[in-house]
Amino acid sequence: KQAELIVGTAHGACWEAAGRHKLFMASTAVAGVAPGTAQSTTPAFSLWNPVNSGLDLIIVRATIGYVSGTIGAGTLVWGWVSQTTAPTTGTELTPILTRAAAANGSGRAFQASTHSAIPAIMRPAFILSAVLATTAAPLAAAAVDWVDGEIVVPPTTAVTLHGVAAAGSTPLILISVTWEEVTV
């Protein structure tokens, strides 16, 4: 249906989408973002598909990494919300084409921006352990949620990643999401 060139594994799982300039990623700012404590209209990370994009945004994976502070125990969850206009306030992030070229995609990513309603929880993405900040990073490596197309973001919809967790003490994490843009 999508004129795939390869139907067996010959390269990395995302190689074809990246090679066709259809694979994008966005990350929160290097200073990090608070993961949050409860679902709200201002999630830590969101990916919005504009009204007339003509595309579905297929979530491939999400990654989180530790920045600083004391992380509170809980869960980072995927959520979704109907969103006909761009989220407001917060920070709009710059999507990067994974082929390491200029981005020209339709998906728009945001950090701590305000949405029209509280996102409905879809499923857990990451378990946040209560860890204390030390001179050595409390996480050995970034945590990865291989969504692998399980979450599809149609036009006028946003998906979010936000914590349902204890407050911690000024916890900051990085959140990165990779998606493929596919013609509807």
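The values are calculated or read from the model by the stated rules, or taken from the named source; none is laboratory data. Being a predicted model, the structure only gives us computed values, none of them experimental. Here the Cβ positions follow ideal geometry from the backbone for every residue, glycine too, while neighbour counts run over all protein chains shown. The area values use the complete protein model at the heavy-atom level, side chains included, leaving out ligands, DNA and RNA. Shrake-Rupley method; radii C 1.70, N 1.55, O 1.52, S 1.80 Å.
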What is the set of long-range amide H partners of V131 at a cut-off below 5 Å, with H atoms built 1.01 Å from backbone N?
I71
For the chain, which whole percent of the accessible surface, found with a 1.4 angstrom probe, sits on carbon and sulfur atoms?
60
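Kirkwood hydrodynamic radius, computed over distinct alpha-carbon pairs, for the chain: how many Å, to one decimal?
Numbers: mean 1/r = 0.0598 Å⁻¹.
Its Kirkwood hydrodynamic radius stands at 16.7 Å.
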Using a 1.4 Å probe on the protein heavy atoms only, what accessible surface does R123 show? Give it in Å² to the nearest 10.
50
Assigned charges on the beta-carbon of Lys, Arg, Asp, Glu; the chain dipole about Cα centre (debye)
140
Heavy-atom surface of segment 1-129, accessible at 1.4 Å and reported per residue (Å²)
49
Total charge of the residues flanking G12 in space, meaning their Cβ is under 14 Å from its Cβ, with Lys and Arg +1 and Asp and Glu -1, is 0
Taking amide H positions as placed 1.01 Å from N in the peptide plane, with prolines and chain starts having none, which residues 5 or more places from S113, or on another chain, fall under 5 Å of its amide H?
T91
Starting at the first residue of segment 162-172, write each ³J(HN,Hα) from the Karplus equation 6.51 cos²θ - 1.76 cosθ + 1.60 with θ = phi - 60°, in whole Hz, x for Gly and Pro.
8, x, 10, 8, 5, 5, x, 10, 6, x, 9
Pairwise label distance in nanometres, V182 with V144, each label 7 Å out on the Cα-Cβ vector:
2.0
Helix-derived mean residue ellipticity, 222 nm - over the chain, DSSP H n ≥ 4, -39500 (n - 2.57), to 500
-500 deg cm²/dmol
